[in-house]
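Below is one structure; the comments refer to it alone.
The values are calculated or read from the model by the stated rules, or taken from the named source; none is laboratory data. Keep in mind the model is a prediction, meaning the values are calculated, not measured. Cβ placement follows ideal geometry from the backbone for every residue including glycine, while neighbour counts extend to all protein chains displayed. SASA here: full protein model, heavy atoms, side chains in, ligands and nucleic acids out. Shrake-Rupley method; radii C 1.70, N 1.55, O 1.52, S 1.80 Å.
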Amino acid sequence: PVTPGELLCLGSSLAFSGLFYYLYRKKAGVMARIQEAPKLQVDDNLPALVSVADGRCLPYVALEGVVLPAKAALTSHYHEGLQGVIQKLLLKEHRLIWNSLARSW
């Protein structure tokens, strides 16, 4: 005989498994789109490419180019000859979508 507690545990386990599988599939699709992103060089042609794109926006592109430090490059204490820079500005675009259930943007 199966007790109600066991049925509750089984049902919640299946619900959580379904939720996590849904989230996994959603993130796997985003990762596939990111990995298939076109690689563009940072050069003089980039502004013209952005201006002809739909909505003046390039979704999921990888930019490759030379980064120059503002003052001096950071050197690694652990790996000789390894240098890096700190990113000072990060532009993140958020789109507002109306959530009818919560009645908010």
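A 1.4 Å probe, protein heavy atoms only, puts the accessible area of Glu6 near 100 Å². Between Met31 and Glu80, the distance separating the two model label sites (each 7 Å from Cα on the Cα→Cβ line) works out to 3.7 nm.
What a 1.4 Å probe finds exposed on the stretch 4-84 is 62% carbon and sulfur by accessible area, rounded to a whole percent.
Please label the shape of the chain as rounded, prolate or oblate, based on the square roots a ≥ b ≥ c of the eigenvalues of the alpha-carbon gyration tensor (a/c under 1.5 means rounded; beyond that, a/b larger than b/c means prolate, else oblate). Taking the square roots of the gyration eigenvalues as a ≥ b ≥ c, the chain is prolate. Take the Cα of Val61, step 7 Å toward its Cβ, do the same at Lys39, and the gap between the two points is 1.6 nm. Coupling constants for the stretch 68-83 follow from the phi torsions by the Karplus curve (6.51 cos²θ - 1.76 cosθ + 1.60, θ = phi - 60°), and in residue order they are 9, x, 5, 10, 9, 6, 7, 10, 7, 7, 9, 10, 5, x, 8, 10 Hz; glycine and proline get x. Annotation: Asp43 carries an accessible surface of approximately 80 Å², with a 1.4 Å probe and no ligand, DNA or RNA atoms counted.
Distance between the modelled labels on Trp105 and Leu91, one decimal in nanometres: 2.0 nm (7 Å Cα→Cβ projection). Entry note, the chain: relative contact order of 15 percent, from Cα contacts under 8 Å with a spacing of 6+ residues. The phi-based Karplus calculation (6.51 cos²θ - 1.76 cosθ + 1.60; θ = phi - 60°) puts the 3J(HN,Hα) values of the stretch 13-20 at 5, 5, 5, 5, 4, x, 5, 5 Hz, whole numbers, x for Gly and Pro.
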